[in-house]
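**Student:** Below you will find the structure I want to go over with you.
The values are calculated or read from the model by the stated rules, or taken from the named source; none is laboratory data. As the structure is a prediction and not an experimental result, all values here were calculated from the model. Using ideal geometry, Cβ is built from the backbone for each residue, glycine included, and neighbour counts are taken over all protein chains shown.
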Amino acid sequence: RELALQYGESAEICRRRFRELQEKLVTDEMSETEKLLLRRRICLVESMARDAAATSRYLKNYYGRQSVE
């Protein structure tokens, strides 16, 4: 249960960072190379968020349909 909560928190941190980077992409002036690198970072952070959320869900149900709360 504790690991499920930790992975859930990590997923939320990644989602927040994803939103920050998306905002930066829209608002900041940068070269095309910098935009490309930022888009790559955005994709990586989004993937990390998905993986952490999926791991959290898996761990919540590891011993059956028990609630983590």
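**Student:** Is there a residue being outside any helix (DSSP H, G or I) and closer than 27 Å to Leu59 by Cβ anywhere in the range 11-32?
**Tutor:** No, that holds for no residue.
**Student:** Now for a separate question. Can Glu20 be described as under 30 Å from Arg1 (Cα atoms), acidic (Asp, Glu) and in contact (Cβ under 8 Å) with a residue 24 or more places away in the chain?
**Tutor:** no
**Student:** Another question about this same structure. Is there any pair with a first residue in the range 40-69 that is over 9 Å from Cys14 (Cβ atoms) and modelled with pLDDT under 95 and a second that is of a type in the set (Lys, Arg) and buried (at least 17 other Cβ atoms within 10 Å of the Cβ) whose Cβ atoms are under 9 Å apart and which are 6 or more apart or on different chains, and what are they?
**Tutor:** Gln66/Lys60; Ser67/Lys60; Val68/Lys60
**Student:** Count, please, the residues in the range 8-42 that happen to be under 9 Å from the mean Cα position of the chain (by Cα) and surrounded by 15 or more Cβ atoms within 10 Å (Cβ to Cβ).
**Tutor:** So the count comes out to 6.
**Student:** Okay, next question. Only one of these conditions is not met by Leu3: (1) over 14 Å from the mean Cα position of the chain (by Cα); (2) free of Cβ contacts under 8 Å to residues at least 24 places away in the same chain. Which number is it?
**Tutor:** (2)
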